[in-house]
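Chemist: Dropping a structure here in structure tokens format, bear with me for questions.
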Amino acid sequence: MQRSGTYIIQLLKRFEAILALAPVEGRDRNTTAVEAYEIEVQTAALVRSAEDILSLTRSLKEAWLFGQLNSVDGTRGMPKTDEDAKAVGEALQKLLKQQNF
């Protein structure tokens with residue numbers, strides 16, 4: 001939860017920084033060029049923050065799928081996964097014996 005909160009705050013700060021750099025009429029070329037560069041830098045940081053959030057969600061999905069997270073009812077999914085794997089293994093052994101492999 002802490003990591004997700006940190007990434008969301010970073011994302012919002014980058015977005016706010018980009019909005020704060022909105023062009024204003026009457027500025028000279030140098031100021032406009034510096035602002036354009038700063039917008040590019042903030043945009044790259046915004047993309048990195050979004051990628052961090054996506055990486056976190058991918059890690060959470062993997063942990064959930066492989067039974068490393070508690071389920072809603074408080075049990076872990078791993079014992080069920082192990083039982084299913086054993087059942088598949090036994091069925092495969094029976095099939096191989098029938099095929100004489």
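Chemist: Specify the residue that is nearest to the chain's Cα centre (by Cα); the eligible residues are those in the range 1-60 that are outside any helix (DSSP H, G or I) and small (Gly, Ala, Ser). Give the steps one after another, and end with the answer.
Modeler: Narrowing the range 1-60 to residues outside any helix (DSSP H, G or I): 1, 21-28.
Then drop every residue that is not small (Gly, Ala, Ser), which leaves 22, 26.
Numbers: ALA22: 29, GLY26: 42 Å.
So the residue we want is ALA22.
Chemist: Within the range 29-46, can you find the residues that are over 12 Å from ALA17 (Cα atoms) and of a type outside the set (Gly, Ala, Ser)?
Modeler: ARG29, ASN30, THR31, THR32, VAL34, TYR37
Only the coordinates and a few stated rules stand behind these numbers; no lab work does. The shown structure was predicted, so the numbers you read here are calculated from the model rather than taken from an experiment.
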